[in-house]
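Working notes, beginning with the structure itself.
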Amino acid sequence: MKFGRTIVAAIAVGTALGLSGCGGGGSAAGSTVKIGIKFDQPGLGLKSGADYTGMDVDLAKYLAKELSLGTPEFVEAVSAQRETLIQTDQVKFIVGTYSITDARKEKVSFAGPYFIAGQDLLVRADDMSITGVESLAGKKLCSVKGSTSAANVQKLVPGVNLQEYGTYTLCVDALKAKNVDALTTDDTILAGYAAQEANKGQLKVVGKTFSKENYGVGLKKGDTAFCQKVTDALNKYFSSGEWLKAVEKNLGPAGYKPGAGNPPTPAPCS
Ligand code: GLU
């Protein structure tokens, strides 16, 4: 009888441990983690029905798993909303073509970089007049509010005729409708649009980058412990070959090849 009770007690304790999730990396089975991604950038972060695909989505899923954060619940993080989403805890972190900049570091922290892209131009396939940032005088340009792309081009081409929309797909539509002459943002994003079925043969990337965009994982400002965990996971992502697999799978179909400096070395968390 005594023996039997001990077994019952042991089972009870085991069950309690199981339910409280003490067996693993800190998060209970069945929990979710809110992650900000782009919803409209093919090859990077794309929502198609209930499916999410892209290089950033693959990294987001990897981090959620590697750090036992729970099942990812993806939240759209348009460029201008990213800092706010993190500051107000609407997301735990963001993987969304999010360039590490000093200005942004005033509001959020970053782990990474995990990828280096460069700013370029997307134009209509039959347009021979735009060959680089130096040929933008008198042209109508589109980019997105809150992006480094909009800020960079205004600095490089003072007085440029720039329309700032909420998302890059709105710029693609404006470009096809001839309401603007070019769309400027990272070459990664532009390659995805140029290769998209709906745009095939209609748009082309100029192919002359004029900035360096260090993509980081955006997280709560000053959360050094979490930054360190993400950084460790990023290093494992590179060394295991998962990074290269994700890059080739997601950017390869658009013919995009990572430029010099890839994969980068993540900066220390501070
Ligand atoms: N990487 C740039 C940025 O963080 C442009 C792409 C984007 O808006 O997501 O602003």
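The values are calculated or read from the model by the stated rules, or taken from the named source; none is laboratory data. Being a predicted model, the structure only gives us computed values, none of them experimental. Note: ideal-geometry Cβ built from the backbone for every residue, glycine included; neighbour counts use all protein chains shown.
Tabulated data for the structure shown
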{"read-out": "Residues located in the range 171-209, provided they are surrounded by fewer than 17 Cβ atoms within 10 Å (Cβ to Cβ) and hydrophobic (A, V, I, L, M, F, W, C)", "value": "177, 198"}
{"read-out": "Candidates 109, 129, 48, 68, filtered to the one that is among the polar types (S, T, N, Q) and crowded, with 21+ Cβ neighbours inside 10 Å", "value": "109"}
{"read-out": "Answer from 250, 214, 262 - the residue that is in contact with a Phe, Trp or Tyr (Cβ under 7 Å, 6 or more places away or on another chain) and surrounded by 14 or more Cβ atoms within 10 Å (Cβ to Cβ)", "value": "262"}
{"read-out": "Hits in the range 108-119 (condition: in a strand (DSSP E or B), within 11 Å of the ligand (Cβ to nearest atom) and touching a Ser or Thr at 6+ places or on another chain (Cβ under 7 Å))", "value": "117, 119"}
{"read-out": "Residues that are more than 10 Å from the ligand (Cβ to nearest atom), in contact (Cβ under 8 Å) with a residue 12 or more places away in the chain and either farther than 30 Å from residue 120 by Cα or out of contact with any Ser or Thr (no Cβ under 7 Å at 6 or more places or on another chain) (or both), drawn from the range 204-225", "value": "204, 205, 207, 208, 209, 210, 212, 217, 222, 223, 224"}
{"read-out": "Answer from 73, 83 - the residue that is modelled with pLDDT of 95 or more, farther than 20 Å from residue 212 by Cα, among the acidic types (Asp, Glu) and in a strand (DSSP E or B)", "value": "73"}
{"read-out": "Index of the failed condition, residue 200 passing every other in (1) modelled with pLDDT of 95 or more; (2) among the basic types (Lys, Arg); (3) under 25 Å from residue 58 (Cβ atoms)", "value": "(1)"}
{"read-out": "Subset tally (residues that are under 18 Å from residue 47 (Cα atoms) and not polar (S, T, N, Q)) for the range 174-203", "value": "9"}
{"read-out": "Selection count where residues are over 16 Å from residue 43 (Cα atoms) and either at pLDDT below 95 or of a type outside the set (D, E, K, R) (or both), scope the range 97-119", "value": "11"}
{"read-out": "Given (1) surrounded by 22 or more Cβ atoms within 10 Å (Cβ to Cβ); (2) within 13 Å of the ligand (Cβ to nearest atom), index of the condition residue 152 fails", "value": "(1)"}
{"read-out": "Total residues in the range 129-146, condition more than 18 Å from residue 173 (Cα to Cα) and part of a loop (DSSP other than H, G, I, E, B)", "value": "8"}
{"read-out": "Residues of the range 56-81 that turn out to be closer than 23 Å to residue 241 by Cα and of a type in the set (Asp, Glu), as a count", "value": "3"}
{"read-out": "Enumeration of residues in the range 112-126 that are more than 16 Å from residue 231 (Cβ to Cβ) and crowded, with 23+ Cβ neighbours inside 10 Å", "value": "117, 119, 120, 121, 122, 123"}
{"read-out": "Those residues of the range 137-149 which are away from the ligand (no atom under 16 Å from the Cβ) and within 20 Å of residue 189 (Cα to Cα), in sequence order", "value": "140"}
{"read-out": "Residue within the range 156-166 that is out of contact with any helix residue (DSSP H, G or I) (no Cβ under 6 Å at 6 or more places or on another chain), of a type outside the set (Asp, Glu) and touching a residue at least 40 places away in the same chain (Cβ under 8 Å) present", "value": "yes"}
{"read-out": "Considering residues of the range 147-179 that are under 22 Å from the mean Cα position of the chain (by Cα) and outside any helix (DSSP H, G or I) only, the residue nearest to residue 194 (Cα to Cα)", "value": "167"}
{"read-out": "Selection from the range 201-246 of residues that are touching a Gly at 6+ places or on another chain (Cβ under 7 Å) and in a helix (DSSP H, G or I)", "value": "234"}
